[in-house]
Amino acid sequence: MPVLRGDPWTPRQQVYAEQAGDVSLTGASLFTMVRDTRWKAVHILGSEEGQLFDLLNDPDEINNLWTDPQHAAMREKLTRDVLEWRMRSSVETMTVMESAR
């Protein structure tokens, strides 16, 4: 809303998403995704597989860097970011539910 009103606004550094219950297509029960202005990572719960894309150099997401040793540090950082986001979201949800009682 601040942008639409013309108010000052600070954009988010990262965007997160999740998709649960895609067992019919992939067998995975949960996907989580994080992206920033350059990187996008998709983590698949219970799997060693995932996706990591350098959106600056690969905007069409053709080259999956998930298993590339040169990008292991970025994969681990983004995986930690998703984990922190999920934990924060859980705490915020519990707080809202407790205050509604």
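The values are calculated or read from the model by the stated rules, or taken from the named source; none is laboratory data. None of these values were measured; they are calculated from a predicted model. Every residue, glycine among them, receives a Cβ derived from its backbone with ideal geometry; neighbour counts consider all protein chains shown.
Figures for the structure shown
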| item | result |
| --- | --- |
| Set S47, S24: member being at pLDDT below 80 and of a type outside the set (A, V, I, L, M, F, W, C) | S24 |
| Pair list, Cβ < 7 Å and 6+ apart or interchain, from the range 68-93 residues that are over 10 Å from Y16 (Cβ atoms) to residues that are assigned to a helix (DSSP H, G or I) and modelled with pLDDT under 90 | none |
